[in-house]
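Everything below concerns the one structure shown next.
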Amino acid sequence: MPEPTEYETGNKPTWCPGCGNFGLWQALKAAYAASGLPFEKLACVWGIGCHGNGADFTRCQGFHALHGRALPVATGLQLSNPDLKVVVEMGDGDGYGIGLGHFAHSCRRNIDLTVIAHDNQIYGLTTGQASPTTEQHMPTVSTPAGVLEQPVNTIGLAVAEGATFVARGFTGDIPHLTGLISAALEHKGFAVVDVFQPCITWNKLNTGAWFRERVYKLEESGWDPTDRAKALELSLTTFHDMACTPEQCRLPIGVIYREKGVPTYSDGLPQLTGPLWKTALAPRDISATLAKMG
Ligand code: SF4
């Protein structure tokens, strides 16, 4: 089994000291090592955000995509080379904002991808504007009087749109988060791990301590992750707001929904028999088609 350090390039992350990205980075490396995945078979695609410079320090086949566009790039990679394990790292501003349409359609296609969402509920890289998951009423640089709208229900959206593995983790519990990422990597189909993490510089509300006081582990409460209706209900009833006390808002972490055996998008494309670069292109006679076109 590889060591977690084998997934490092030697370059060091440049995040603010104390950023939740560090915990997620530890969990990702541990999960990659546990999977035994050789780095040349690991393809990671990043969106834009503080997390997005991961290609500099993650030893893998890396691609730093445009803002919100990591999923289409990853979809192309997965379809054209199914020998790769394709992982997307996206931010809440990136993947649930401009990339939200891609996210919803990727869920319903059940593309065989692992998606890790760095959900710190703020735009960190661009200095503290409200993101799609910022708490309602929370003042930010871009909303000094407070956010007017509700945050995106990321878990509910993923379950409703057809993702077949939906989990939530917390960077304050690295072993638990590592287990969730490992399970997501093993899943065949569209797997989402939405990760609560603090942005210590710009989000002064949802700190590590704030999350720690509120999270609880689903697996310790007898949760059945195969019940889709209950998963949706959980996403609605555990929505939180900035004023709620630890007693009022309990935030579940763990595998919220998992359905095995659902055909993936690739299963509907039997002509994709393997990596395209290994597939010989047979010449086709298109004269009949051209004749029809006149
Ligand atoms: Fe992390 Fe926030 Fe600093 Fe970005 S601004 S590196 S998200 S703490």
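The values are calculated or read from the model by the stated rules, or taken from the named source; none is laboratory data. Just so it is clear, the structure is predicted and the values come from calculations on it, not from any experiment. Here the Cβ is made from the backbone with ideal geometry for all residues, glycine too, and neighbour counts use every protein chain on show. Heavy atoms of the whole protein, side chains included, go into the accessibility calculation; ligands, DNA and RNA do not. Shrake-Rupley method; radii C 1.70, N 1.55, O 1.52, S 1.80 Å.
Using the Kirkwood formula on the Cα atoms of the range 39-182, what hydrodynamic radius do you get, in angstrom to one decimal? Don't jump to the answer; show the numbers that get you there.
Details: mean 1/r = 0.0638 Å⁻¹.
The Cα-based Kirkwood calculation yields 15.7 Å.
Give, in whole angstrom and from largest to smallest, the semi-axes √(5λ) of the equivalent ellipsoid of the range 97-243, with λ running over the eigenvalues of the Cα gyration tensor. Please list the in-between numbers first.
Values: eigenvalues 126, 62, 44 Å².
Semi-axis lengths for the range 97-243 are 25, 18, 15 Å.
Kindly report the accessible area of the chain per residue (heavy atoms of protein chains, probe 1.4 Å, no ligands, DNA or RNA), in Å². Could you put the intermediate results ahead of the total?
Numbers: 13730 Å² over 294 residues.
Ligands and nucleic acids excluded, the figure is 47 Å² per residue.
By how many nm would the segment from TRP277 to GLU219 lengthen if fully extended, with 0.36 nm per residue of separation less the alpha-carbon distance?
16.6 nm
Take the solvent-accessible surface of the protein heavy atoms, probe 1.4 Å, and return the percent of it on the range 173-294 that carbon and sulfur atoms account for. Don't skip to the answer; put the middle values down first.
Working: 4340 of 7380 Å².
Carbon and sulfur atoms account for 59 percent of the accessible area of the range 173-294.
By the scheme Lys and Arg +1, Asp and Glu -1, what is the net charge of all other residues having a beta-carbon under 11 Å from that of ASP173?
Numbers: positive: ARG212, LYS217; negative: none.
Within the 11 Å Cβ shell, the charges total +2.
Beyond a 20 Å Cα-Cα separation, which of these cross-linked pairs lie in this structure: LYS188/LYS217; LYS85/LYS188; LYS230/LYS260; LYS29/LYS260; LYS85/LYS230; LYS12/LYS85?
Numbers: LYS188/LYS217 24 Å; LYS85/LYS188 10 Å; LYS230/LYS260 17 Å; LYS29/LYS260 25 Å; LYS85/LYS230 30 Å; LYS12/LYS85 24 Å.
Beyond 20 Å: LYS188/LYS217; LYS29/LYS260; LYS85/LYS230; LYS12/LYS85.
Taking loop as defined by DSSP and a crowding limit of 10 other beta carbons within 10 Å, which trypsin sites (Lys or Arg not before Pro) in the range 1-86 fit? Mind showing how you got there, number by number?
Values: sites: LYS29, LYS41, ARG59, ARG69, LYS85; in loops: ARG59, ARG69.
Those that pass, being in a loop and sparsely packed, number zero.
Provide, in order from the shortest bin, the percent of all Cα-Cα pairs of the range 113-191 in each 5 Å bin, continuing until the bin that contains the maximum pair distance.
Percent of Cα pairs in each bin: 3, 14, 19, 18, 18, 14, 9, 4, 1.
How much length would be gained if the chain were fully extended between ARG284 and THR9, taking 0.36 nm per residue of separation minus their Cα-Cα distance, in nm to one decimal? Don't skip to the end; give the middle numbers.
Values: separation 275, 0.36 × 275 = 99.00 nm, distance 4.42 nm.
Gain on stretching ARG284 to THR9: 94.6 nm.
On the protein heavy atoms, probe 1.4 angstrom, tell me the percent of accessible surface of the range 48-90 carried by carbon and sulfur. Please list the in-between numbers first.
On the way: 920 of 1610 Å².
Of all accessible area on the range 48-90, carbon and sulfur atoms account for 57 percent.
Give the span of the range 161-294's Cα atoms along each principal axis, as three whole-Å numbers ordered largest to smallest.
For the range 161-294, the Cα extents along the three principal axes come out at 72, 36, 31 Å.
Where the centre of each part is set by its Cα atoms, how far does the range 2-31 sit from the range 180-217, in angstrom?
One Cα centre to the other: 15 Å.
Beyond 17 Å, what share of the Cα-Cα pairs of the range 178-256 is found? Please give it as a whole percent. Before the final figure, lay out the partial values.
Values: 1664 of 3081 pairs.
Here the long-distance tail beyond 17 Å is 54 percent of all Cα pairs in the range 178-256.
Counting other Cβ atoms within 10 Å, keep those with at most 10, restrict to DSSP loop, and tell me which chymotrypsin sites (Phe, Trp or Tyr not before Pro) in the range 96-154 are left. Please list the in-between numbers first.
Numbers: sites: TYR96, PHE103, TYR123; in loops: none.
Filter output for the range 96-154: empty list.
Rank SER182, SER131, SER142 by mean-square fluctuation in a GNM of the chain with C-alpha springs under 10 angstrom and give only the top-ranked residue.
For the chain, modelled as a Gaussian network with Cα springs under 10 Å, the answer is SER142.
Based on DSSP loop calls and a cut-off of at most 15 other Cβ atoms within 10 Å, the longest stretch of the chain free of exposed GluC sites (Glu not before Pro) is what? Kindly include the intermediate steps, with their values, before the conclusion.
Numbers: sites that count: GLU149, GLU247.
Value returned for the longest uninterrupted segment is 1-148.
Compute a Gaussian network model of the chain, connecting alpha carbons closer than 10 Å, and tell me which residue from ALA130, ALA167, ALA209 fluctuates the most.
ALA209
What area, in nm² and to one decimal, does the C-alpha convex hull of the chain cast on average over all directions?
It is 18.2 nm².
Can you give me the Cα centroid spacing of the range 221-285 and the range 71-139 in angstrom?
Result: 13 Å between the Cα centres.
Under a 5 Å amide H to amide H cut-off, with H placed in plane at 1.01 Å, what residues pair with GLY62 once short-range neighbours are removed?
It is CYS44, by chain and number.
Have a look at VAL215, VAL195, VAL255 and tell me which one the Gaussian network model of the chain (Cα, springs below 10 Å) gives the largest fluctuation.
VAL215
Using +1 at the C-beta of Lys and Arg and -1 at the C-beta of Asp and Glu, which of THR273, GLN197, VAL45 has the Cα lying farthest in the positive direction of the dipole of the chain?
The residue sitting farthest along the positive end of the dipole is THR273.
If I histogram all Cα-Cα distances within the range 43-104 using bins 5 Å wide from 0, what percent of pairs lands in each bin?
4, 22, 31, 23, 15, 4, 0
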